[in-house]
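Colleague: Here it is, the structure, as structure tokens.
The values are calculated or read from the model by the stated rules, or taken from the named source; none is laboratory data. Model, not experiment: these values are computed from the prediction. Cβ placement follows ideal geometry from the backbone for every residue including glycine, while neighbour counts extend to all protein chains displayed.
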């Protein structure tokens, strides 16, 4: 439909902000392999209405950190951000990272996990701890840069996804962003389940004929529902019970 196809969770983020009882703009930040953020104005009842949402991918988040640890130490991740906390970020490399053309694009915009693949090349000469700290600083700097696209400043950023367990990343966000940065669990939502819940919510909207995407979330020309409902045919047979 002429849009980016992502991010897809913003309509659910709008519902979450209203469920929590937010009365002023708030940002929901998901830190997975890639970071994505949704700016929400909960005073606007429908997520499809103009001004309700602005959403886009911020930049790389956990993916480069995980890839670094896998390639250098055979580990899946920097547990709790311990290694990054023991290192020092290379400020010059972070500034070079921010010169990437993606940061000069206006939202809506989206990324793939393998975008910014040159990050590991940039930090190849750094010790493990410093390389990890630099990648954390890059992820945080990307989020801070993304905040420049918010229509109005926010007082709080609610963080969900695996990245909120990384203490180094959370600290880096707090140091670069004027708003309060807190795990979304602090407002009564489950930060590990939010993405799964989002797609259940979107499925219900599709079933009810409601839109799930809008111009300022994925760049579609007009609000539209995504996905297709598949129903069994008349001659469909139920699956037989497994033999034990």
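Colleague: Looking at the stretch 15-36, can you tell me whether even one residue there is on the phi > 0 side of the Ramachandran plot, free of Cβ contacts under 8 Å to residues at least 60 places away in the same chain and touching a helix residue (DSSP H, G or I) at 6+ places or on another chain (Cβ under 8 Å)? Break it down into steps so the answer makes sense when it comes.
Modeller: Residues of the stretch 15-36 that are on the phi > 0 side of the Ramachandran plot, as a first pass: 21.
From what is left, the residues that are free of Cβ contacts under 8 Å to residues at least 60 places away in the same chain are 21.
Okay, now just the ones that are also touching a helix residue (DSSP H, G or I) at 6+ places or on another chain (Cβ under 8 Å), so none.
Among the residues of the stretch 15-36, not one is on the phi > 0 side of the Ramachandran plot, free of Cβ contacts under 8 Å to residues at least 60 places away in the same chain and touching a helix residue (DSSP H, G or I) at 6+ places or on another chain (Cβ under 8 Å), which makes the answer no.
Colleague: Residue check: is residue 172 loosely packed, with under 11 Cβ neighbours inside 10 Å and under 30 Å from residue 69 (Cα atoms)? Even if it seems obvious, please write down each step before you answer.
Modeller: Numbers: loosely packed, with under 11 Cβ neighbours inside 10 Å: no; under 30 Å from residue 69 (Cα atoms): yes.
The answer is no for residue 172.
Colleague: Turning to a different aspect of this structure: Filter the stretch 74-96 for residues that are part of a loop (DSSP other than H, G, I, E, B) and over 21 Å from the mean Cα position of the chain (by Cα); which is nearest to residue 125 (Cα to Cα)? It would help to see each step written out before you state the result.
Modeller: Step one: list which residues in the stretch 74-96 are part of a loop (DSSP other than H, G, I, E, B), which gives 74-78, 86-90.
Keeping just the survivors that are over 21 Å from the mean Cα position of the chain (by Cα) gives 74-75, 86-90.
Values: 74: 18, 75: 19, 86: 17, 87: 14, 88: 14, 89: 13, 90: 11 Å.
The selected residue is 90.
Colleague: Further, regarding this structure: Would you call residue 140 under 25 Å from residue 189 (Cα atoms) and modelled with pLDDT of 95 or more? Lay out the reasoning, then the answer.
Modeller: Details: under 25 Å from residue 189 (Cα atoms): yes; modelled with pLDDT of 95 or more: yes.
Judged against the criteria, residue 140 is a match.
Colleague: Something else about it: Would you say residue 129 is closer than 20 Å to residue 75 by Cα, modelled with pLDDT of 95 or more and assigned to a helix (DSSP H, G or I)?
Modeller: Details: closer than 20 Å to residue 75 by Cα: yes; modelled with pLDDT of 95 or more: yes; assigned to a helix (DSSP H, G or I): yes.
Taking the combined requirement at face value, the residue satisfies it.
Colleague: Determine if the stretch 105-114 includes at least one residue that is in a helix (DSSP H, G or I) and closer than 30 Å to residue 188 by Cβ.
Modeller: Narrowing the stretch 105-114 to residues in a helix (DSSP H, G or I): none.
No, every residue in the stretch 105-114 fails to be in a helix (DSSP H, G or I) and closer than 30 Å to residue 188 by Cβ.
Colleague: If I filter the stretch 142-163 for residues that are on the phi < 0 side of the Ramachandran plot, surrounded by fewer than 22 Cβ atoms within 10 Å (Cβ to Cβ), without any contact (Cβ under 8 Å) to a residue 24 or more places away in the chain and out of contact with any strand residue (DSSP E or B) (no Cβ under 9 Å at 6 or more places or on another chain), do I get at least one hit?
Modeller: yes
Matching residues to (1) within 30 Å of residue 151 (Cα to Cα); (2) in contact with a helix residue (DSSP H, G or I) (Cβ under 6 Å, 6 or more places away or on another chain):
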{"residue": "83", "(1), (2)": "no, yes"}
{"residue": "86", "(1), (2)": "no, yes"}
{"residue": "100", "(1), (2)": "yes, no"}
{"residue": "103", "(1), (2)": "yes, yes"}
{"residue": "106", "(1), (2)": "yes, no"}
{"residue": "112", "(1), (2)": "yes, no"}
{"residue": "118", "(1), (2)": "no, no"}
{"residue": "122", "(1), (2)": "no, yes"}
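Colleague: Taking the stretch 120-137 on its own, how many of its residues are surrounded by fewer than 16 Cβ atoms within 10 Å (Cβ to Cβ) and either touching a strand residue (DSSP E or B) at 6+ places or on another chain (Cβ under 6 Å) or over 21 Å from residue 35 (Cβ atoms) (or both)?
Modeller: Going through the stretch 120-137 one residue at a time, the tally reaches 3.
Colleague: Here's another thing I want to ask about it. Give me the residue from the stretch 46-86 that is in contact (Cβ under 8 Å) with a residue 12 or more places away in the chain and within 21 Å of residue 20 (Cα to Cα) and, out of that set, surrounded by the most Cβ atoms within 10 Å (Cβ to Cβ).
Modeller: Per the stated criteria, the residue is 55.
Colleague: With the requirement that a residue be surrounded by fewer than 17 Cβ atoms within 10 Å (Cβ to Cβ) and touching a residue at least 60 places away in the same chain (Cβ under 8 Å), what does the stretch 106-119 give you? So that I can check it myself, show each step before the final result.
Modeller: Initial filter on the stretch 106-119 (surrounded by fewer than 17 Cβ atoms within 10 Å (Cβ to Cβ)): 106, 112-115, 117-118.
Listed by number, the residues that qualify are 112, 113, 115.
Colleague: List the helices (runs of 4 or more DSSP H) that sit entirely inside the stretch 148-244 and contain at least 2 residues that are in contact with a helix residue (DSSP H, G or I) (Cβ under 6 Å, 6 or more places away or on another chain) and either modelled with pLDDT of 95 or more or closer than 16 Å to residue 55 by Cβ (or both). Full working, then the answer.
Modeller: Working: elements: 167-176, 194-207, 215-218.
Helices (runs of 4 or more DSSP H) meeting the threshold: 167-176, 194-207.
Colleague: Check whether at least one residue in the stretch 188-203 is at positive phi and without any contact (Cβ under 8 Å) to a residue 60 or more places away in the chain, and report yes or no. Before you say what the answer is, go through the steps one by one.
Modeller: Keep residues of the stretch 188-203 that are at positive phi, which gives 188.
Adding the requirement that they be without any contact (Cβ under 8 Å) to a residue 60 or more places away in the chain leaves none.
No, the stretch 188-203 has no match at all.
Colleague: For the list (1) at pLDDT 95 or above; (2) part of a loop (DSSP other than H, G, I, E, B); (3) within 23 Å of residue 175 (Cα to Cα); (4) in contact with a helix residue (DSSP H, G or I) (Cβ under 8 Å, 6 or more places away or on another chain), I need the number of the one condition that residue 55 fails.
Modeller: (2)
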